[in-house]
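**Q** The structure is given below, and queries will be raised subsequently.
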Amino acid sequence: MKARELMTPNPAQVNPTDTLERVSQLMAEHDCGCIPVVNADGQRSVVGVVTDRDIAVRAVAKGRPGSTPVSDIMTTNPECCAADDDIDRVERLMSDRQIRRVVVVDGGNEVVGIIAQADLARAARRKQEPTPTEMVAVLEKISRPTTT
């Protein structure tokens, strides 16, 4: 199975100058916890991602206002995959990097979709790749606490 078969196509996006308020509104509107950050309005080259955790830990916990630019709290250089990558690669990225979402890009590094941990779980439920056993292993690796 390929990434394109599981990804949510054309996810909501923001640019680095958008605000925490704007990205939070998009998360609520699209019922998601991760928004790709692209280099500018009308362009789709990925420069980062903002997750609900980024907002909680890097913004709210530090008392930052809703007017704070996304660039101040985004995760730069996110892990990405190509639409034609096998799901095995996506699983490895999630497991190895302990991430719950992977941005899908085209050959020009432009956002074309996003795959969430939940997408893998839904595929396993439909008895497609990954198998339920593989999904449990991925979930365990993603959720393993890190030692600091």
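**Q** Could you list, in sequence order, all residues of segment 55-69 that are touching a strand residue (DSSP E or B) at 6+ places or on another chain (Cβ under 8 Å) and among the small types (G, A, S)?
**A** G66, S67
**Q** Any idea which of (1) modelled with pLDDT of 95 or more; (2) assigned to a loop (DSSP other than H, G, I, E, B) is the one Q43 doesn't satisfy?
**A** (1)
**Q** Oh, and also: So which residues in segment 5-29 are in a helix (DSSP H, G or I) and at pLDDT 95 or above?
**A** Of everything in segment 5-29, those that are in a helix (DSSP H, G or I) and at pLDDT 95 or above turn out to be L20, E21, R22, V23, S24, Q25, L26, M27, A28, E29.
**Q** In addition: Could you list, in sequence order, the residues of segment 101-120 that are aliphatic (A, V, I, L, M) and either surrounded by fewer than 16 Cβ atoms within 10 Å (Cβ to Cβ) or modelled with pLDDT of 95 or more (or both)?
**A** Residues satisfying the conditions are V102, V103, V104, V105, V111, V112, I114, I115, A118.
For (1) touching a residue at least 60 places away in the same chain (Cβ under 8 Å); (2) in contact with a helix residue (DSSP H, G or I) (Cβ under 8 Å, 6 or more places away or on another chain); (3) open to solvent by less than 70 Å² (accessible area, probe 1.4 Å), each residue gets a yes or a no:
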{"position": "P11", "(1), (2), (3)": "yes, yes, yes"}
{"position": "E21", "(1), (2), (3)": "no, no, no"}
{"position": "L26", "(1), (2), (3)": "no, no, yes"}
{"position": "D31", "(1), (2), (3)": "no, no, no"}
{"position": "V50", "(1), (2), (3)": "no, yes, yes"}
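**Q** Let me ask something else about it. So for segment 68-76 (the condition being of a type in the set (S, T, N, Q), within 15 Å of the chain's Cα centre (by Cα) and open to solvent by 40 Å² or more (accessible area, probe 1.4 Å)), does at least one residue qualify?
**A** Checked against the condition, which is being of a type in the set (S, T, N, Q), within 15 Å of the chain's Cα centre (by Cα) and open to solvent by 40 Å² or more (accessible area, probe 1.4 Å), segment 68-76 yields at least one hit.
**Q** Looking only at segment 39-46, decide whether some residue is among the β-branched types (V, I, T) and free of Cβ contacts under 8 Å to residues at least 12 places away in the same chain.
**A** no
**Q** Which of the numbered conditions does R92 fail, given that it passes all the others? Conditions: (1) at pLDDT below 95; (2) surrounded by 18 or more Cβ atoms within 10 Å (Cβ to Cβ); (3) among the basic types (K, R).
**A** Among (1) at pLDDT below 95; (2) surrounded by 18 or more Cβ atoms within 10 Å (Cβ to Cβ); (3) among the basic types (K, R), the lone unmet condition for R92 is (2).
The values are calculated or read from the model by the stated rules, or taken from the named source; none is laboratory data. Just so you know, these numbers come straight off a predicted model, no measurement behind them. Reconstructed Cβ throughout: ideal geometry from the backbone, glycine too, with neighbour counts over all protein chains shown. Calculation scope for accessible area: heavy atoms of the full protein, side chains included, ligands and nucleic acids excluded. Shrake-Rupley method; radii C 1.70, N 1.55, O 1.52, S 1.80 Å.
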